[in-house]
Amino acid sequence: MVVVPHPAAGGDTRGASTVETDDAGAPVAQVRRHRDLAVAVAEIESAHHPRWVWTSTASVYPHLLRAGVRVQRCHDLATTATITSMRAGTPGLPSDEPVDERPGLFDAAPAVDIDTVLAQFAEQRRVLSEDRRLDLLIAAESAGTLAAAEMGFDGLPFSADAHRRLLESVLGPRPAGYEPPRRIAEVTAEICAAFGRPLNPASHAEILDAFRREGIDATSTRKHVLKEIDHPAVPLLLRHRDLSKLYSTNGWHWLDTWVHGNRFRPVYVPGAVVSGRWASRGGGALQIPKSLRSSVIADPGHTFVVADAGQLEPRILAAMSGDRRMVAAAGADDLYAPVAAAAFNGDRAKAKVAVLGVLYGATSGDARSLLTVLRNSFPVAVDFVERAARAGERGEVVYSWLGRACPPPEPGFHSHGDVRARGRFTRNFVVQATAAEWALCVLAELRRRLTTDPDRTAGELVFFQHDEVVVHTRNPDLAAAHIEASVQSATRLLFGDTAVRFPMKLAVRDTYADETDGE
DNA sequence: AGACAGGGCGCC
DNA sequence: AAAGGGCGCCCTGTCT
């Protein structure tokens with residue numbers, strides 16, 4: 001363990017200090033002063049790969065990456081504090097540290113004294129040393145912060161030319177000024193013609209008003225509502241919505257902002273979702289529309305290995321609950337097939353609806369009755385989430401498998417609707433948060449394997465999205481082997497010797513697009 | 001001018 | 001096919 005305080009504000013890395021500690025966080029050597037943080041980290045890292053302890057990866061590591069310095073392991077104090085304070089019921093009190101989004105600068109956080117950092121680390125070690133699962137969670141979260149910074153820095157291979165071709169074929173040429181692209185202008189004109197009056201197709205109020213003038217009372221302008229209306233403007237409105245979405249969210253401006261040097265460089269924010277899932281800041285990294293994925297093109301000589309965990313959350317529920325029949329079902333490649341056989345006369349569609357309904361807290365009568373059927377065959381699994389739901393309804397906090405706490409309820413939650421919503425949230429939390437932990441452990445192990453493989457062609461992580469990883473590699477077989485091994489490792493770390501399987505759908509392609517998507 | 005809420009969509 | 005959970009982002013419309 002080597003502790004480094006937060007660097008001074010303003011990008012001034014002079015005066016950086018390090019001190020070596022034992023596992024408990026007690027110093028075992030003198031504090032060393034360094035002229036340059038990146039140089040010091042590079043030197044120490046090459047000697048013995050310590051676990052770096054710092055205030056936050058988000059505020060320190062981007063600077064190191066820009067200096068060409070990478071580390072294997074860290075302990076992120078801010079991330080740890082966020083998790084432990086949520087467990088203590090005092091969310092949001094410790095450092096809400098801003099992440100470094102400005103190249104070349106550290107954020108404006110004040111410099112922190114090394115004794116303060118040491119004290120915080122020692123206290124966190126004391127807590128973690130008593131809780132093996134929490135210790136594992138913190139290690140995985142910390143590794144995740146490194147992976148997030150590295151993926152944001154390296155970027156996802158993305159062909160700006162391919163994307164420009166897509167935009168031009170769908171929207172027309174790039175507008176010179178602020179006027180809308182040709183195809184959007186055309187469909188807007190057609191909509192106005194269909195209604196016989198000018199209107200702004202982006203205004204819900206104007207659309208509803210226009211329909212009302214023709215004697216059509218729509219409750220909203222949602223797609224499924226519009227589709228019920230027999231009117232020539234309906235398909236035009238839906239098309240306008242699609243085009244506008246592409247233009248405004250992933251159009252030329254998005255390309256200029258987020259894609260440079262044929263790399264899409266998003267800002268990942270690990271653990272930003274209460275369940276522990278990652279979020280992204282700007283660029284919509286975790287919501288890349290399917291239509292854009294054919295522009296994610298591997299470099300020459302490289303391919304992508306795209307791996308996603310199929311039916312992850314039901315498998316997580318099986319492992320958490322220990323329901324013997326559900327565990328047995330989760331030993332199959334298709335979990336829904338044995339569930340259907342056991343409870344739904346082989347009707348797979350019904351089995352799927354029932355399982356998803358139990359995970360999300362379905363309220364519709366249809367799914368409720370299927371849930372009752374599911375309970376007959378899988379009582380332990382159903383009871384597991386029902387207990388989480390009832391705890392939430394009582395205002396209690398629930399926990400993931402490794403001990404992440406969900407936020408406490410809002411003080412004023414008492415209405416029937418609030419209480420039921422809280423139950424659906426806590427019901428889903430226990431599974432979604434544990435699924436996030438499993439995926440994070442996969443990511444951490446995969447990162448470790450890829451970066452330490454003596455064969456330098458194993459590849460690099462370029463994308464992570466909840467239950468999916470993408471490796472950019474010259475050697476897809478090796479990358480795939482590392483993915484499989486990482487899945488085994490994560491499963492064993494969390495659930496030990498379980499019969500639950502987590503089959504990965506692996507695909508080797510030169511674009512991120514699903515091969516079923518048309519060219 | 002800027003903040004915020006609500007509607008809507010698409011990603012898991 | 002959707003439903004239920006979690007997000008980010010865009011738009012309009014309203015309020016300050």
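A few points about this structure:
- Sulfur and carbon atoms: percent of accessible area, chain A [1.4 Å]: 51
- In sequence order, the range A:396-409 has phi-based couplings of 7, 9, 10, 10, 6, 4, 8, x, 6, 8, 7, x, x, x Hz under the Karplus curve 6.51 cos²θ - 1.76 cosθ + 1.60, θ = phi - 60°, and Gly or Pro positions carry x.
- Per-residue [θ]222 nm for chain A (sum of -39500 (n - 2.57) over DSSP H runs n ≥ 4, rounded to 500): -16000 deg cm²/dmol
- Rounded D (µm²/s) - the range A:119-185, Kirkwood Rh over Cα pairs, Stokes-Einstein at 4 °C, 1.567 mPa s: 78
- Looking at chain A, the pairs of alpha carbons with a distance over 40 Å make up 33% of the total.
- Per-q log10 I(q)/I(0), the range A:162-253, q = 0.12, 0.24 Å⁻¹ (Debye; single scatterer per alpha-carbon; no solvent): -0.39, -1.19
- Scalar couplings 3J(HN,Hα) for the range A:300-309, obtained by applying the Karplus form with A = 6.51, B = -1.76, C = 1.60 to θ = phi - 60°, are x, x, 10, 9, 9, 9, 9, 10, 10, 7 Hz; x denotes Gly and Pro.
- Cβ-based net charge around A:His466, under 13 Å, with every Lys or Arg adding one and every Asp or Glu removing one: -4
- Fully extended contour minus Cα-Cα distance, from A:Arg165 to A:Glu460, at 0.36 nm per residue: 103.4 nm
- Net charge of Cβ neighbours under 10 Å - reference A:Val305; Lys, Arg +1; Asp, Glu -1: 0
- Debye equation applied to the C-alpha atoms of the range A:312-432, log10 I(q)/I(0) at 0.13, 0.14, 0.19 Å⁻¹: -0.49, -0.56, -0.96
- Sum of side-chain charges, A:Asp418 neighbourhood, beta-carbon under 10 Å (Lys, Arg +1; Asp, Glu -1): 0
- Rounded to the nearest 20, the Cβ-based charge dipole of the range A:312-432 about its Cα centre (Lys and Arg +1, Asp and Glu -1) stands at 100 debye.
- Student exercise, chain A dipole from Lys, Arg, Asp, Glu Cβ charges, in Debye to nearest 20: 780
- Considering only A:Val500, A:Leu118, A:Leu446, and ranking their Cα positions along the charge dipole of chain A that arises from unit charges at the beta-carbon of Lys, Arg, Asp and Glu, the one farthest toward the positive end is A:Val500.
- Taking every lysine pair in chain A that is 8 or more places apart or spans two chains, those with Cα atoms closer than 28 Å amount to 14.
- Extension gain for the segment A:Leu506 to A:Ala29, taken as residue separation times 0.36 nm less the Cα-Cα distance, is 167.0 nm to one decimal.
- For the range A:160-256, the solvent-accessible area with a 1.4 angstrom probe is 60 square angstrom per residue.
- Dipole moment magnitude, nearest 20 debye, the range A:160-256 about Cα centre, only Lys, Arg, Asp, Glu C-beta charged: 160
- Note that the range A:136-146 has calculated 3J(HN,Hα) couplings of 5, 4, 5, 5, 5, 4, 5, 4, x, 5, 5 Hz, one per residue in order, obtained from phi through the Karplus relation 6.51 cos²θ - 1.76 cosθ + 1.60 (θ = phi - 60°); glycine and proline are x.
- Listed residue (A:Pro173, A:His204, A:Leu236) projecting farthest to the positive dipole end of the range A:160-256, Cβ model: A:Pro173
The values are calculated or read from the model by the stated rules, or taken from the named source; none is laboratory data. Here the structure is a predicted model, which is why all the values come from computation and not from measurement. Backbone-built Cβ (ideal geometry, glycine too); neighbour counts: all protein chains shown. Quick note on the areas: whole protein, heavy atoms, side chains included, nothing else; ligands and nucleic acids left out. Shrake-Rupley method; radii C 1.70, N 1.55, O 1.52, S 1.80 Å.
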